[in-house]
Every structure is written in C-alpha cells, then in structure tokens.
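The values are calculated or read from the model by the stated rules, or taken from the named source; none is laboratory data. Fair warning: this is a prediction, and the values are worked out from it, not measured in the lab. Neighbour counts run over all protein chains shown; Cβ positions are idealised from the backbone, glycine included. Accessible surface is based on the protein model in full, side chains and every heavy atom, while ligands, DNA and RNA are left aside. Shrake-Rupley method; radii C 1.70, N 1.55, O 1.52, S 1.80 Å.
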Amino acid sequence: MQVKVQTLLNRTHPMPGFRYADVRLVEGPGGPELWVQIDAHAQRPGRCALCERPAPTYDHRDRREWRHVAPWHIPTRFCYAPRRVRCAVHGVRVEAMPWNEGKRPWTRAMMVFLARWARRLSWKETAEAFDVSWEAVYRSVAWIVTWGLAHRVLAGIRAIGVDELHWRKGKKSANFLTLIYQVDEGCRRLLWMGLRRTERSFRQGVQTLGAEVVAGIRVVVSDMWRPYLAVVRKHLPQAVQILDRFHLTALLNKAVDQVRRGEGYALRGQPRGQRLKYTRWLLLKPRARVRGNARARLDAVIHSKLRTARAWCLKEAFAHFWTYHHPRWAKAFLDAWITRTLRSRLAPMRKVARTLRAHEALILNWFEWKKVFSSAAVEGLNNKARVVTRRSYGFRRFPVLKVALFHTLGKLPEPELTHRFC
C-alpha cells in the first residue's frame, strides 16, 4: 500500500480550513528539503486572528515560510501566502492560521517538539540534534511556558512550600530567588518565583496567586527565615505553618561543627586536640553510618570528655524526637531536651535550644498534621532547580532562568496536537 506525504501530514497535522496542495523534494544548500505548499480551502472563508470569526478576504500578503518537524531528518518548510480579512470587530487583520503563532518562523508543532526535547536535553544539545539555532529552542520553550501559565489551573491548592535558591555568585540580595511550590500529596510543582529573598518578594508571590487560591491554603512549609514567617502570619492567617526536621537537623549540625572548631582551635598542639582532626564530617553523620577506621576515630571523640563529645550526644539524643507520633509526647521530649541543652554550657547548642523554644509551636505542627507535609518535597524541587542551572552552566538573566525552571518544574499544560512526537 503506497502512502503519500500529504496523507501523512493530514493524519499527523490536520488543519481545518486549509489543505496540503503540493509536496516537493528540493535540493537546498545543505541537502534535500521538503517544501509543503498550503492553500486555503476554497469553500471556507478566512477567520480573524483575534476573535476567530469568519470574515471576507481583503487582500493577500507575500508568501511566508515556517520550519516544521523534520520527518526522516529532512528539513521541512510550510509555504503559504496569508490572506488579510476584513473583520467587523477588529478591522483588517491577517487571518488565523492553525499552524502559525504570531510572526515566529516555526510552526506550533515544531515549537512544541523542541520544547519537549528541551526537558530531556540541554537547549544547546537540542539545537544541535535537530539542526536549529539555540534561539529557536529558547523561543519555543518561552512560548510554551507563556501558553502554559495562561492556561494552568490553580484550584485545589491546600499546601505550599516556600524557600530561597542561590542562583548567581555572591551574597547580594539579587543573587537569591524566592520560590513558592505546591506540595500537595498528588501534585508538586512550581507556582511562582521572584528575585530576592525578602518579605516584599514573598508577599508579591502570595498576591500573584490570587485571593481565591490563598483562601484555600491550609499548610505552609518553610524554614525559620523571619520575612517568610511574617508574611504567613499577616497574609495567610488561616494556614498552619510547619517547620520540619530538615532545617532543624541542619541547625544542630552547624552548632556541633562550631563547637568542634572552637575546641580544636583552643586545644591546638595538645594531644587531646589531635582527636578532633579529620572528624568534621564524621560528627555530622549518625554513628551507625560510619564504618571501618572512621568509626574508631569517631569513637575516640564521643567517648572522651571533650566538649565536642557532649555536643554530639545532644545532637544524637534529639534524633529520638522525630520518632514520636502524638504532639503531646513530642512536646514533653522537646521541653526536656531544651532544658538539658540550656544547662550544657555550650554556647552554639544553647543558641539552638533557644531557637527551638521560640518556634516550638511551629515545630509541633508537623506532628499535628500526622507528618504528612514536610520540606522534603521543597528541597527535592530545589535540587531539580539546581540541576537545571548546572546543566546550562548557569544563567546570566533572570527571565531566561524563569523560563527554564517553569518549563521543568511547573507541570504546565501544553497545546493539544494530533501527533505526539516524544
């Protein structure tokens, strides 16, 4: 059974109101190319590109060309002379063409094709694989992100997570991003991103989501950054804020390391101080995960009378806190641990204890909600964002980074096509 190229195009890329008039194989400067001539259907009037209403033909424009998905890796171009129609509402306008999007030299199918592959490969690799420019890939991704943001549905959001992300060198405020994620059980995606990690930026993100979405939020997962806490108290009073084990464990590890460094400096040159050498990362791990000679070095420290040993014991004792299920018993353990730590005479550990006491209610909310919501989902999405940044060797401009992250993490809807290319 013989099949014509027009038949394949009609099956994979139908265009109501138009027809594939002719397909020719033309020798181009880089090899053979497929030129597809498109004609308007004689019995169907053109439609206004703005309102999609039928309108009489006014005149014809010059012939245009669009790059289409290449079958058998043969460059394919659509050729058509667009009509201008006289719309009763919008006046003389270029007609609507189902394969066209504005003045872009690529068809919609081609842009969706490149954008889907740009999730699997870097933009440069995508451009090289399909013989297009980097600009073509970027414009395709930017268009599909803009389309997805305009058509996404934000209903049913009950839990969000907020965190910052460092995206450029330096510690300036503009080198950080504020990211808002949806962290519900069945959907985890990027909702909003903005420059700087300030109260103003987070407040702007909450306002962008809209009053209806904000009213339905019941849980906010974040760290103990004061601007975030202030915005949640003011603009999300109905939501429960949760601080979970990730950030608290990081605080404890930092305090233990501060005790080790201070004691190592004080005992420099003494035999007792030699025990602390090469133990930085060992002290941050649970003892059960340390093996071999490293276990012997760790035991030499934790079985001694060093201040670092006491700090490590307090850190390990706190790990039992996460095994509780009822908030009442978790609160009793937390109060006892804070009292014990405040009497330890270890300044970094006492600072952590005071921080936990100040945020005790937010910490216990994790148990109130049955350990369902945590910042694990937020940190996982942040890690994916870092992978996108590393794969591109960094971004110089915020708009390009925004397009890349929404394309990968936004779970945005895409235009429907008859044929799925990848």
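Quick one: which residue in VAL352, VAL372, VAL378 is β-branched (Val, Ile, Thr), modelled with pLDDT under 90 and in a helix (DSSP H, G or I)?
From the options VAL352, VAL372, VAL378, the qualifying one is VAL378.
Hey, could you check region 109-121 for residues that are part of a helix (DSSP H, G or I) and open to solvent by 10 Å² or more (accessible area, probe 1.4 Å) and say which is farthest from ARG139 (Cα to Cα)?
ARG120
Scan PRO71, PRO54, PRO75, PRO29 and give me the residue that is under 30 Å from ALA129 (Cβ atoms) and touching a Lys or Arg at 6+ places or on another chain (Cβ under 8 Å).
After ruling out the rest, the residue left standing is PRO75.
When you go through THR323, THR339 one by one, which is the residue that is modelled with pLDDT of 90 or more and under 39 Å from the mean Cα position of the chain (by Cα)?
On the way: THR339 fails: under 39 Å from the mean Cα position of the chain (by Cα).
So the residue among THR323, THR339 that is modelled with pLDDT of 90 or more and under 39 Å from the mean Cα position of the chain (by Cα) is THR323.
Evaluate the following for LEU9: is it buried (at least 16 other Cβ atoms within 10 Å of the Cβ), of a type outside the set (Asp, Glu), modelled with pLDDT under 90 and within 19 Å of TRP72 (Cα to Cα)?
Numbers: buried (at least 16 other Cβ atoms within 10 Å of the Cβ): yes; of a type outside the set (Asp, Glu): yes; modelled with pLDDT under 90: yes; within 19 Å of TRP72 (Cα to Cα): yes.
So LEU9 fits the description; yes.
Restricted to region 329-347, and to residues that are open to solvent by less than 30 Å² (accessible area, probe 1.4 Å) and either in contact (Cβ under 8 Å) with a residue 24 or more places away in the chain or of a type in the set (Phe, Trp, Tyr) (or both), which residue is nearest to GLY262 (Cα to Cα)?
LEU346
Identify, from the list ARG189, ARG203, ARG168, the residue that is open to solvent by 60 Å² or more (accessible area, probe 1.4 Å) and not in a loop (DSSP other than H, G, I, E, B).
Exactly one of ARG189, ARG203, ARG168 is open to solvent by 60 Å² or more (accessible area, probe 1.4 Å) and not in a loop (DSSP other than H, G, I, E, B), namely ARG203.
Among the residues of region 312-328, what is the count of those that are open to solvent by less than 60 Å² (accessible area, probe 1.4 Å) and basic (Lys, Arg)?
Qualifying residue count for the region: 1.
Listed residues GLY30, GLY17; which is of a type outside the set (S, T, N, Q), in contact (Cβ under 8 Å) with a residue 40 or more places away in the chain and open to solvent by 40 Å² or more (accessible area, probe 1.4 Å)?
Of the residues listed, the single one that is of a type outside the set (S, T, N, Q), in contact (Cβ under 8 Å) with a residue 40 or more places away in the chain and open to solvent by 40 Å² or more (accessible area, probe 1.4 Å) is GLY30.
Kindly indicate the residue of region 79-108 that is under 10 Å from GLY46 (Cβ atoms) and part of a loop (DSSP other than H, G, I, E, B) and also farthest from the chain's Cα centre (by Cα) among those meeting that condition. Steps first, please.
Step one: filter region 79-108 for residues under 10 Å from GLY46 (Cβ atoms), giving 82-87, 93-97.
Add one more test, that the residue is part of a loop (DSSP other than H, G, I, E, B), and what stays is 82, 96-97.
Numbers: PRO82: 39, ALA96: 34, MET97: 33 Å.
Ranking the qualifying residues of region 79-108, first place goes to PRO82.
Residue by residue through region 74-97, note down the ones that are open to solvent by 60 Å² or more (accessible area, probe 1.4 Å) and in contact (Cβ under 8 Å) with a residue 40 or more places away in the chain. Can you show your working first?
Within region 74-97, the first condition is being open to solvent by 60 Å² or more (accessible area, probe 1.4 Å), and the residues that meet it are 77, 84, 86, 88-90, 93.
Hits for region 74-97 are ARG77, VAL89, HIS90, ARG93.
Would region 138-158 turn up any residue that is in contact with a Ser or Thr (Cβ under 8 Å, 6 or more places away or on another chain), among the small types (Gly, Ala, Ser) and open to solvent by less than 50 Å² (accessible area, probe 1.4 Å)?
The answer is no; no qualifying residue exists.
Please go through region 261-305 and pick out each residue that is among the basic types (Lys, Arg), out of contact with any Lys or Arg (no Cβ under 8 Å at 6 or more places or on another chain) and part of a helix (DSSP H, G or I).
ARG261, ARG272, ARG289
Residues of region 349-400 being open to solvent by less than 30 Å² (accessible area, probe 1.4 Å) and within 10 Å of the chain's Cα centre (by Cα), which ones?
Answer for region 349-400, where residues must be open to solvent by less than 30 Å² (accessible area, probe 1.4 Å) and within 10 Å of the chain's Cα centre (by Cα): VAL378, LEU381, ASN382, ALA385, VAL388.
Regarding region 211-225, can at least one residue be identified that is closer than 16 Å to ILE157 by Cα, assigned to a helix (DSSP H, G or I) and not hydrophobic (A, V, I, L, M, F, W, C)?
Yes, the conditions are met somewhere in region 211-225.
Name the residue that is nearest to LYS331 (Cα to Cα), counting only residues in region 366-391 that are of a type in the set (A, V, I, L, M) and in contact (Cβ under 8 Å) with a residue 12 or more places away in the chain. Write out each step before concluding.
Within region 366-391, the subset of a type in the set (A, V, I, L, M) is 372, 376-378, 381, 385, 387-388.
Those left that are additionally in contact (Cβ under 8 Å) with a residue 12 or more places away in the chain: 372, 376-378, 381, 385, 388.
Numbers: VAL372: 18, ALA376: 22, ALA377: 25, VAL378: 25, LEU381: 30, ALA385: 35, VAL388: 40 Å.
Ranking the candidates gives VAL372 first.
Determine if region 47-68 includes at least one residue that is touching a residue at least 12 places away in the same chain (Cβ under 8 Å) and in contact with a helix residue (DSSP H, G or I) (Cβ under 7 Å, 6 or more places away or on another chain).
yes
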